[in-house]
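J.: One structure is given below, represented as structure tokens, and several questions about it will come after.
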Amino acid sequence: MVGDGLDTFFLTDPWLGGSPLCVRFGRLFNLSENKSSTVAEMYSLGWEAG
């Protein structure tokens with residue numbers, strides 16, 4: 001459960017589809033500069049649903 005996203009890590013917590021995004025998209029994870037961003041931080045950068 002994501003809740004407000006402050007305690008859920010975007011890439012390493014299994015918040016979407018049952019497995020972490022770092023597992024589903026390993027290459028993208030390896031290229032990521034900030035592996036510890038939360039869902040709330042990513043949302044604040046403009047990742048909200050359109």
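J.: Collect residues whose amide H, placed 1.01 Å from N in the peptide plane, falls under 5 Å from the amide H of Thr38; neighbours closer than 5 in sequence don't count.
T.: Answer set, sorted by chain and number: Phe10.
J.: Extension gain Val2-Glu33, at 0.36 nm per residue separation less the Cα-Cα distance, in nm?
T.: 8.9 nm
J.: For the charge dipole of the chain, defined by +1 on Lys and Arg C-beta atoms and -1 on Asp and Glu C-beta atoms about the Cα centroid, which residue among Gly46, Leu21, Ser36 has the Cα displaced farthest towards the positive pole?
T.: In the chain, that residue is Leu21.
J.: Next question, about the same structure. Trypsin sites (Lys or Arg not before Pro) within the chain: which are DSSP loop residues with at most 13 other Cβ atoms inside 10 Å?
T.: Values: sites: Arg24, Arg27, Lys35; in loops: Lys35.
When the trypsin sites (Lys or Arg not before Pro) of the chain are filtered for loop state and at most 13 Cβ neighbours within 10 Å, Lys35 remain.
J.: When the expected Rg is taken as 2.2 N^0.38 Å, what fraction or multiple of it is the alpha-carbon Rg of the chain? Present the calculation step by step, with values, prior to reporting the outcome.
T.: Details: Rg = 10.4 Å, N = 50, 2.2 N^0.38 = 9.7 Å.
Against the compact-globule rule of thumb, the ratio is 1.07.
J.: Also: Per 0.36 nm of contour for each residue apart, how much would the distance between Thr12 and Tyr43 grow if the chain were fully extended, relative to their Cα-Cα spacing? Spell out each step's value before the answer.
T.: Details: separation 31, 0.36 × 31 = 11.16 nm, distance 1.57 nm.
Here the answer is 9.6 nm.
Here, each number is a calculation from the coordinates, and none is a lab measurement. A quick note: this is a predicted structure, and the numbers were derived from the prediction, not measured. Quick reminder, even Gly has a Cβ in these numbers, built from the backbone with ideal geometry, and neighbours come from all protein chains shown.
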